[in-house]
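Below: one structure, written as structure tokens.
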Amino acid sequence: NEIKIFSPATVANVACGFDVLGFCLDTIGDEMTIRKVDKKGIFITKVEGFNLPTETELNVAGVSALAMYEAVNPDCGFEIEIRKNIKPGSGIGSSAASAVGSVFGMNELLGKPFNKTELTAFAIKGEALASQCEHADNLAPAIFGGFTLVKSVSPLEVLQIPVPNNLYATIIHPQIEIKTSEARAILPKQVPLQDVITQWSNFGSLIHALHTNDYPLIKRSLHDVIIEPHRSKLIPYFDDVKQAALKHGALGSGISGSGPSIFSLSEGIEKAKNVEEAMINVYSKTNIKFDTYVC
Ligand code: HSE
């Protein structure tokens, strides 16, 4: 009648895949306990780690849980306890992890009536509370694992993309605040055709490279000519961090989701750790505080 789950952090966009591509991080995530109770309804009974609302309708985990609850209308209720390890606003899918965790846990306790795509659809309702728009590029990888491509939100269609064996991510989170809504508001509504051509060529070849374990092609594809030039201005020392990571062997680097976290991908754990050191070096010369993760 109770399940404890780990709900992973995720990196959305992955350079050239704005709003559609994402991957899941296997060692950083929230811990949640979901419990079936007699009293009907959804109850957020504990939130630890960060100061977030416990009112069901104001908590992303509560909102996604309610979406599923209303669809099933079961003869019981659910209590949700959340141990937040992912800092809200860090750019590695904090709200997505909460939104996904509650519906995943409830689905298990109900005997798995829903598939992964249906779970993602419920989670979209929770995520929308945090980001004010319905997108699933952080949600889908948290539910499916690995890399996912959200082919369409309405109707929801998610494709799972294979993960090359030896691929590692390094994340640095400079502790500055960037609101997703602001990071979206600064984007141009129209982009030059030549940039779009470059972007979809990179995106297509990245997907091909992930399918074929082609590391040199991953390296040649991890570029973002549309979003990064605008958003990178919001992240102090972004160019320095990126250049340091590339110089120390990263396949590529970019903004994680809407930032401020910066991700790099590397072939092998050794390189990923070298890249971590290189990224740390940049911020340790400034007064900006940061965390790093290698997954
Ligand atoms: N794709 C989204 C964005 C992810 O970059 O705005 C952040 O929620």
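Going through the range 234-248 one residue at a time, which ones are in contact (Cβ under 8 Å) with a residue 12 or more places away in the chain and either out of contact with any Gly (no Cβ under 9 Å at 6 or more places or on another chain) or within 16 Å of the ligand (Cβ to nearest atom) (or both)? Of everything in the range 234-248, those that are in contact (Cβ under 8 Å) with a residue 12 or more places away in the chain and either out of contact with any Gly (no Cβ under 9 Å at 6 or more places or on another chain) or within 16 Å of the ligand (Cβ to nearest atom) (or both) turn out to be LEU234, ILE235, PRO236, TYR237, PHE238, ASP240, VAL241, ALA244, LYS247, HIS248. If you go through the range 120-173 and keep only what is surrounded by fewer than 20 Cβ atoms within 10 Å (Cβ to Cβ), within 13 Å of the ligand (Cβ to nearest atom), outside any helix (DSSP H, G or I) and at negative phi, you end up with CYS133, GLU134, VAL153. Residues in the range 249-259 that are within 16 Å of the ligand (Cβ to nearest atom) and in contact with a helix residue (DSSP H, G or I) (Cβ under 7 Å, 6 or more places away or on another chain): SER253, GLY254, ILE255, SER258, GLY259. Restricted to helices (runs of 4 or more DSSP H) entirely inside the range 177-278, those with at least 1 residues that are under 23 Å from LYS151 (Cα atoms) are 180-185, 193-212, 215-221, 228-231.
Select from the range 18-58 the residues that are within 16 Å of the ligand (Cβ to nearest atom) and touching a strand residue (DSSP E or B) at 6+ places or on another chain (Cβ under 7 Å) and list them in ascending order. Full working, then the answer.
Looking only at the range 18-58, we keep the residues that are within 16 Å of the ligand (Cβ to nearest atom), and these are 18-25.
Listed by number, the residues that qualify are VAL20, LEU21, GLY22, PHE23, CYS24, LEU25.
Filtering GLU70, GLU81, GLU31 for residues that are among the acidic types (Asp, Glu) and either at pLDDT below 95 or in a helix (DSSP H, G or I) (or both) leaves a single hit, GLU70.
The values are calculated or read from the model by the stated rules, or taken from the named source; none is laboratory data. Given the structure is predicted, the values throughout are model-derived calculations rather than measurements. For neighbour counting, all protein chains shown are included, and Cβ atoms are generated from backbone atoms with ideal geometry for every residue, glycine included.
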